[in-house]
1. Tell me whether region 318-334 contains one or more residues that are under 20 Å from the mean Cα position of the chain (by Cα) and among the β-branched types (Val, Ile, Thr).
2. Which residue out of 352, 398 is part of a strand (DSSP E or B), touching a residue at least 24 places away in the same chain (Cβ under 8 Å) and loosely packed, with under 15 Cβ neighbours inside 10 Å?
3. Go through region 230-246 and report how many residues are surrounded by 15 or more Cβ atoms within 10 Å (Cβ to Cβ), near the ligand (Cβ under 8 Å from one of its atoms) and without any contact (Cβ under 8 Å) to a residue 40 or more places away in the chain.
4. Tell me whether region 239-255 contains one or more residues that are over 26 Å from the mean Cα position of the chain (by Cα) and part of a loop (DSSP other than H, G, I, E, B).
5. Select the helices (runs of 4 or more DSSP H) contained entirely in region 121-224, then report the ones holding at least 1 residues which are in contact (Cβ under 8 Å) with a residue 40 or more places away in the chain and touching a His at 6+ places or on another chain (Cβ under 9 Å).
6. So residue 360 ticks every box in (1) surrounded by 19 or more Cβ atoms within 10 Å (Cβ to Cβ); (2) within 19 Å of the chain's Cα centre (by Cα); (3) under 24 Å from residue 276 (Cβ atoms) but one. Which box is left unticked?
7. Pick from region 103-112 the residues that are touching a residue at least 60 places away in the same chain (Cβ under 8 Å) and out of contact with any strand residue (DSSP E or B) (no Cβ under 6 Å at 6 or more places or on another chain): which of them is surrounded by the fewest Cβ atoms within 10 Å (Cβ to Cβ)?
8. What residue, among those in region 260-270 that are touching a residue at least 24 places away in the same chain (Cβ under 8 Å) and part of a helix (DSSP H, G or I), is nearest to the ligand (Cβ to nearest atom)?
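Values in this text are rule-based calculations from the coordinates and carry no lab data. What you see is a predicted model; the values in this text were computed from it and never measured. No Cβ is skipped: glycine too gets one built from the backbone with ideal geometry, and neighbour counts run over all protein chains shown.
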Amino acid sequence: MNKVKRRAVLILILAVVMALGLASLLLLLEDQGADWAAFPSNSHVYREGMLIAGRVRDSHGELLLATKDGERVYSADRRTRLATLHATGDPWGMIGGSAIDLFSKHLMGYSLVNGVYSLSGQGRDVYLSVDAELNRKAWDALNGRSGCVAVINYQTGELICMVSSPSFDPQNPPEHPDYLNRFLTGLYTPGSIFKLVTSFAALEELPQLADYRYTCSGAADYEDGRITCEQAHGELSFDDALAVSCNCCFADLAQRLGGATLEKYAQKAGLMEPLIINGFTTVSGGMAAPQSGADLGWAAAGQYHDQICPAAMLRFVAAIANGGKAENPWLLKKVTTSGGIPLRFHLGNESRRLMSGDTAAALKEMMAYNVRANYGVDNFPGLPVCAKSGTAEVEVGRAPHAWFTGFLNSDEHPYAFIVLVENGGTGKTVAGSIANTVLQAAVAAD
Ligand SMILES: [Zn+2]
């Protein structure tokens, strides 16, 4: 009897082990099957290294990329092809963070049961969060200059505009294409937009900031060098110092904070780490602020060794708009069958608190004041803009990078934005006018 019992137990154990083995194999297939099928030597979905299945659409369904007779076919409109290239992707999948790079398994229509053979044999429709019309407006506004424009819904993380320039026509590519998406993988000297980070640190670390006063004479000397402003700003409060973007005053605040604290707040702002956007890893920024002196002062003003990625800066500014909570940016709106049956939606966004609600509210008010006191409400007709400009010195003899970043203080139009024009000149005029053009279009489309 004991013998029979032992055998029964043994058989049971064997059965359990086999079931576990089968389950883990199925899990592996579910997890990695699409990647195996997406291997570029699979001739069902690739031809000469090009993915030839599925369609990419913008958030409203406008067709950006299709497959016809085994060939890739982009939008018939050249301007659309140029303006949406970095969101759609080049035929070879070289542009990181594009639909072709990130969503090939959705485009192929891979399923566990049918492999890459979708029932219709046409692959699937991938809808991006990007609005093609906003991209076209941003592309036109950049007017051939290098840089990037991006707009995010700060309440949801949805990226509704993402343009990088230079771009190229994927139907007629140049011999040496520039694949860089400057928004996701560009690394730049931030200039004065970094004063938002220094202000973040000052608000949380320095007591009695409301009573703080600084008198700018146009220059301030330290043992290791000199801080300069374009003009003598005179006596300033903390709010006024940000509004007129006084380098000398921010250098003074930085001495009170110290380099280690400033770096800590650059990290808290999320600028020193990569973002993960639908599985794509952006570049991370960097800085190396000494503990005191002129170099620290310049680091507090976004110069010295400060480097940031525009995507991370936009997330930080979006967090200020959203009460301190950063919604992670995302690009994939939904996937449907070729017949329009929805298979997958963007669900449950990741978010992270970057600062307290009080600090976010204080920064928001200061950014609203910047527009009233310096940039000019009339330059943004009808828009409740809160912003910070930057004019980042990069190379001797070349024009500075022009930056403008901020958001609309509006639940109806919850948009945060960042505009960069490489060697474009003055931030508030050059990048500010591009921001106005794109925001007007975004609000008009709602
Ligand atoms: Zn000054």
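1. yes
2. Every option except 352 fails the conditions.
3. So the count comes out to 4.
4. Checked against the condition, which is being over 26 Å from the mean Cα position of the chain (by Cα) and part of a loop (DSSP other than H, G, I, E, B), region 239-255 yields at least one hit.
5. Passing ranges, in order: 132-142, 182-185.
6. The single condition residue 360 does not satisfy is (2).
7. Applying the filter and picking the extreme gives 112.
8. 262
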